[in-house]
Amino acid sequence: MIPFNMKTLLCALLTLPLLAATLPQSKPDEVGMSADRLKRIGPMIQSHIDAKGYSGAVTAVARKGKVVHFEAHGMADIEGNKPMKTDVLFRLASMTKPMTAVSILMLLEEGKLVLNDPISKFMPEWREAAGKREHDMAVGNWQKFLFSDFTQSWPLDR
């Protein structure tokens with residue numbers, strides 16, 4: 001099982017290419033990013049492909065409305081020996097948690113959320129759920145939510 005933070009990354013890697021096709025391109029240094037650090041993406045994705053974590057991916061990084069990285073990695077179809085392309089369409093299923101995590105990361109980036117804020121500050125109904133079981137993440141903070149591998153279910157049985 002891929003840890004949740006990798007699922008979040010994978011979700012971002014799968015959805016950003018849809019936006020990348022419509023955004024203008026830019027050099028990383030023009031928007032305050034490091035070209036050397038962006039070069040790490042390819043080898044990291046390739047290591048997951050080599051480990052059979054997934055067969056291929058399309059990665060995109062944008063900042064200030066400009067795309068600074070947009071690449072295809074691996075295979076789109078292993079049996080058909082078709083390489084991944086940047087315009088491939090991905091089927092997404094069960095993406096609620098990764099999409100929520102991406103939304104939370106966006107709020108963090110905008111300064112509208114602090115990782116140590118209790119979840120119940122924004123979702124008061126979770127205060128009741130938190131009292132049911134001491135170990136539930138509802139008593140914790142966003143950091144626990146984002147970096148959990150979700151091997152246990154949430155206590156929202158009403």
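Summary table
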quantity: Cβ-Cβ under 7 Å pairs, at least 6 apart or on other chains, the stretch 80-102 side under 17 Å from Gly56 (Cβ atoms), far side of a type in the set (A, V, I, L, M) and part of a helix (DSSP H, G or I); calculated: Phe90/Leu14; Leu92/Leu14
quantity: Selection status of Asp50, farther than 25 Å from Met106 by Cα, modelled with pLDDT under 95, of a type in the set (D, E, K, R) and loosely packed, with under 12 Cβ neighbours inside 10 Å; calculated: yes
quantity: Among (1) at pLDDT 85 or above; (2) surrounded by 12 or more Cβ atoms within 10 Å (Cβ to Cβ); (3) aliphatic (A, V, I, L, M) - the single one Ile104 does not satisfy; calculated: (1)
quantity: Positions within the stretch 54-69 being part of a strand (DSSP E or B) and either within 16 Å of Met44 (Cβ to Cβ) or basic (Lys, Arg) (or both), in sequence order; calculated: Gly56, Ala57, Val58, Thr59, Ala60, Val61, Arg63, Lys66, His69
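Every residue, every condition in (1) more than 30 Å from Met123 (Cβ to Cβ); (2) surrounded by 15 or more Cβ atoms within 10 Å (Cβ to Cβ); (3) modelled with pLDDT of 80 or more; (4) among the polar types (S, T, N, Q), yes or no:
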position	(1), (2), (3), (4)
Asn5	no, no, no, yes
Gln46	yes, no, yes, yes
Val58	yes, yes, yes, no
Ala62	no, yes, yes, no
Lys66	yes, yes, yes, no
Ala76	yes, yes, yes, no
Asp87	yes, no, yes, no
Ala93	no, no, no, no
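The values are calculated or read from the model by the stated rules, or taken from the named source; none is laboratory data. The structure presented is a predicted model; accordingly, all values stated were derived computationally and were not measured. Note: ideal-geometry Cβ built from the backbone for every residue, glycine included; neighbour counts use all protein chains shown.
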